[in-house]
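Everything on this sheet refers to the single structure shown next.
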Amino acid sequence: MGKSLKTEIMTINMGPQHPSTHGVIRFIIKTDGEIIHECIPDVGYLHRSIEKIAEAVSWQGFVPYTDRVDYLAAMNANWAYCTAVEKMIGAEVPRRAEFIRVIVGELNRISSHLIAIGATAMDLGAFTPFIQLLREREYINDLLEMACGARLTYNYISIGGVNWDVPPNWTEKIGEFLDHFELAMEQMNRLISYNRIFINRMANLATVSAETAIDYCFVGPNLRASGVKYDLRKDIPYSVYPELDFEIPVGEGREGAVGDCYDRYYVRAMEIRESIKILRQALKMMPEGEFQGKVKNNIKPEAGVAYVRHETPRGDTGYLIQADQKTSPYRLKIRTGSFTAMAAIPELAQGVFIADLVAIIGSLDVVAPELDR
Amino acid sequence: MLIESMTSLGVPELVAQLIYAGLVAFMCINFVAVYAGLISVVERRVAAKMQSRVGPNRVGPNGWLQWLADGVKLILKEDLIPAGADRLLFKAAPMIMAVGVAASFAVLPWGPAHAIAADLNVGILYLISISALVVIGILMAGWASNNKWSLLGGMRAAAQIVTYEVPVAMGLLPAIMIAGSLAVSDLVNAQGWAPWDWVAFDNPFAMLGFLLFLTGSVAESNRTPFDLTEAESELVAGYSTEYSGFRFAMFTLGEFANTWVVGAISAAIFLGGGLVPPILANVPGAAVGVFILKTLFMVFVLMWFRWTLPRFRIDQMMDFSWKYMLPLALLAFFGQSIYFLATWDSLVAQSVVSHLMVLIFLGVFFVFINRVLINYRHQATVVNSYKTETDYLVKTGKIVLAAPKEAAADSSEQEEG
């Protein structure tokens, strides 16, 4: 019977409406039973031509669009774009504004990592950590709402500063939240990060060596998980990060090989701790003063190109803008971490189980709108 | 009794027996339906509590009629059969699943050991075999749906349930050896009302058997961490992806009813069933109450697993059964035999061992509760408090908080007085 039994590779379409593709991403997977032979990511379902829209709106008017590039870390996107424009027009940013930017940026980094961690846990079947982490994120949303009135797409950071000053009791609120959150995060680690089933699922899965990570242009936590200590906040310092004391956590092969899914997951958990450290320092160091530098309402930069790289939660986000003495950019290009991470999935997903593919997507922290722009 | 009274009225005995069986089946099926509905609300509320949510709270008092609303909604939905589906199998699958679960209620006790719908002398064997009928339903559903995700779910279900049948049956062996019978009523009566008389605490091997049975049962009832068949983040909804309306309701009903089967069997065979202390022996309903409490506790433990643990991967799940649970089940079996030989003559030794087991369990339980309290305290750290709202206003002199000072003064006066 063995020879007459016909077997064939089964092609399954995963997405774009699949529950665990984190937005609208499609994977065409060719499987032999449960084992994936080939996985072809199909991106572009969330393409909104944000880069083209930039050519039609004013310099300041593009800030809300950067919110939509990465809705989980809108502050960091705002910040990166505004820094690029500031670099181009040579605007000064007041010191208080820099600290406010660091604080909102780190708060948003925490909230983005919470989603990354929680969504990974949920993809692996643990629903409770996700909801518990969403609750913590809700407090962060409240804090950001206090600062700027919005909870998801902030449009808070402006060219030359921030749009509004923060409320007077904001720092106490953040301090109170951090006291609560440090304990809550430890609790979450006990619930999911140190869970044996979870570790068995994540350890030694889709190991990315440092060379492969660099070859695939991995950035941010994905790169650091492979053992490469590279963080733009330290290596190409911007804003007031040089004054702050924090560590860059890297993957150490905590439960398996260096650069496996667990490392990618756990680096984010450790980065949250570092962000808490940064926040505590920044809250102490934040001076009084202006929150908005002197920038003309109608910006018309000289012709030229500016490229700014910022460390957002999904890694090195680059904004390349080219100006030609107009009130809107001549060309704008956004470089994001999700896109390059996505490119590695065909290689990482070879010979793994379908359930593992979900874990790999989760650990790479791919966010669909950032992927397609 | 009912049969006798009917035959005395001139009804043929076969007809009377059929009527009796029909009545019992009617009661069982209705119990299954109502229980499955209610437990779905309970589960959602338990899950909500664990996740800092509210849960269903709109339909009926505190949301306790949510299951009726869900049921009505599902019945009113269109019954969709996908194109290319095997219509006969597609329609039969939910029924087979529900029948498999409902049929196991025949040998479940309902409190007093003799209150069993059909006290078969091979009750446990019957239960193990009839609950395996569920897998056929799932496999049929997965195959007939003409959907690749469903097919994967069905394949997983077949592998999973066949694998876990073995440790479940082996885990029951220590209890069967202690009672010396396969009939559920004998298994219950072999125990006593006190925890140290329960099979689970009889000796370490029986405890091991109980834990294996519980783990395996979770796997057999397709609940997290073994819910690979419907892993919603991997297989969309697994075998039930293409089902809608009442057929989907049948699957859900089967799953929720299965929790009762697992809980009732655990309670009856390992946790003393409905046996009550002699003082309560004549109190009506005491046995039923004790039994239902134990069962619901076990059901709660299942929910607890479900909302705490992540999911296994298919190969890890198989490894877990064949490499760990089966050897442990064999250990429990042989250990129990050797324990029997060692303590056959000495009732004192048996009593000491079982009392020690209970003590150890209480110790573990105490440590566990302590951990829960620590976590609870962590959760209770205040965020967004009133103090941070008012502190800066007081500092800048915009408001004066008079009331708390007076309250403090009052309390100090009272203390002095």
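The values are calculated or read from the model by the stated rules, or taken from the named source; none is laboratory data. Not measured: the values here are computed from a predicted model. Neighbour counts are summed over all protein chains in view; Cβ atoms, including those assigned to glycine, are modelled from backbone coordinates with ideal geometry.
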Next on the checklist: Take the conditions surrounded by 19 or more Cβ atoms within 10 Å (Cβ to Cβ) and either over 30 Å from A:Lys296 (Cβ atoms) or in contact with a Leu (Cβ under 8 Å, 6 or more places away or on another chain) (or both) and apply them to A:Ala147. Does it pass?
Outcome noted: no
Checklist entry - Out of curiosity, is A:Ala116 more than 9 Å from every other protein chain (Cβ to nearest Cβ), part of a helix (DSSP H, G or I) and buried (at least 22 other Cβ atoms within 10 Å of the Cβ)? => result yes
Item to check | Restricting segment B:351-389 to residues that are closer than 30 Å to B:Ile399 by Cα and not aliphatic (A, V, I, L, M), the residue that is farthest from the other protein chains (Cβ to nearest Cβ) | outcome: B:Tyr386
Next on the checklist: Any residue at all in segment B:263-283 that's in a loop (DSSP other than H, G, I, E, B), modelled with pLDDT under 85 and farther than 26 Å from B:Gly123 by Cα?
Outcome noted: yes
Next on the checklist: Any residue at all in segment A:56-68 that's touching a helix residue (DSSP H, G or I) at 6+ places or on another chain (Cβ under 8 Å), β-branched (Val, Ile, Thr) and over 16 Å from A:Lys333 (Cα atoms)?
Outcome noted: no
Checklist entry - Can B:Val261 be described as buried (at least 23 other Cβ atoms within 10 Å of the Cβ), touching a residue at least 12 places away in the same chain (Cβ under 8 Å) and more than 14 Å from every other protein chain (Cβ to nearest Cβ)? => result yes
Checklist entry - What number goes with the only condition from (1) surrounded by fewer than 19 Cβ atoms within 10 Å (Cβ to Cβ); (2) more than 14 Å from every other protein chain (Cβ to nearest Cβ); (3) at pLDDT 85 or above; (4) more than 19 Å from the chain's Cα centre (by Cα) that A:Ser4 does not pass? => result (3)
Checklist outcome for this item: Reported set for segment A:147-175 where residues are at the interface with chain B (Cβ under 10 Å from one of its Cβ atoms) and in contact (Cβ under 8 Å) with a residue 12 or more places away in the chain is A:Pro167, A:Trp170, A:Thr171, A:Lys173, A:Ile174, A:Gly175
Item to check | Segments classed as helices (runs of 4 or more DSSP H), wholly inside segment B:136-226, with at least 1 members that are surrounded by fewer than 20 Cβ atoms within 10 Å (Cβ to Cβ) and on the phi > 0 side of the Ramachandran plot | outcome: none
Item to check | Search result, residues across segment B:234-243 that are surrounded by 24 or more Cβ atoms within 10 Å (Cβ to Cβ) and outside any helix (DSSP H, G or I) | outcome: B:Glu234, B:Leu235, B:Tyr243
Checklist entry - Here are some residues: B:Val42, B:Val54. Which one is within 24 Å of B:Tyr376 (Cβ to Cβ), within 14 Å of chain A (Cβ to nearest Cβ) and either aliphatic (A, V, I, L, M) or free of Cβ contacts under 8 Å to residues at least 24 places away in the same chain (or both)? => result B:Val54
Checklist outcome for this item: Exactly one of A:Ser193, A:Ser226 is of a type in the set (S, T, N, Q) and within 14 Å of chain B (Cβ to nearest Cβ), and that one is A:Ser193
Next on the checklist: Taking the conditions exactly as written (over 26 Å from A:Asp123 (Cβ atoms), of a type in the set (A, V, I, L, M, F, W, C) and free of Cβ contacts under 8 Å to residues at least 12 places away in the same chain), does B:Ala286 satisfy them or not?
Outcome noted: yes
Checklist outcome for this item: When segment A:231-271 is checked residue by residue, the ones that are in contact with a helix residue (DSSP H, G or I) (Cβ under 6 Å, 6 or more places away or on another chain), of a type in the set (Ser, Thr, Tyr) and either closer than 20 Å to A:Ala80 by Cα or modelled with pLDDT under 85 (or both) are A:Ser239, A:Tyr241
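Rundown of residues vs (1) under 30 Å from A:Met185 (Cβ atoms); (2) touching an Asp or Glu at 6+ places or on another chain (Cβ under 6 Å); (3) of a type outside the set (Ser, Thr, Tyr); (4) surrounded by fewer than 24 Cβ atoms within 10 Å (Cβ to Cβ), yes/no style:
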residue: A:Lys277; (1), (2), (3), (4): yes, no, yes, yes
residue: A:Leu283; (1), (2), (3), (4): yes, no, yes, yes
residue: A:Gly293; (1), (2), (3), (4): no, yes, yes, yes
residue: A:Glu302; (1), (2), (3), (4): no, no, yes, yes
residue: A:Pro313; (1), (2), (3), (4): yes, no, yes, no
residue: A:Tyr319; (1), (2), (3), (4): no, no, no, no
residue: A:Lys326; (1), (2), (3), (4): no, no, yes, yes
residue: A:Pro346; (1), (2), (3), (4): no, no, yes, yes
Next on the checklist: Of everything in segment A:138-188, what is among the polar types (S, T, N, Q) and over 19 Å from the mean Cα position of the chain (by Cα)? Give them in sequence order.
Outcome noted: A:Ser158, A:Asn163, A:Asn169, A:Thr171, A:Gln187
Checklist entry - Are any of the residues in segment B:62-77 without any contact (Cβ under 8 Å) to a residue 60 or more places away in the chain, among the β-branched types (Val, Ile, Thr) and part of a helix (DSSP H, G or I)? => result yes
Item to check | Residue list for segment A:92-111, restricted to those being part of a loop (DSSP other than H, G, I, E, B) and out of contact with any Phe, Trp or Tyr (no Cβ under 8 Å at 6 or more places or on another chain) | outcome: A:Glu92, A:Val93
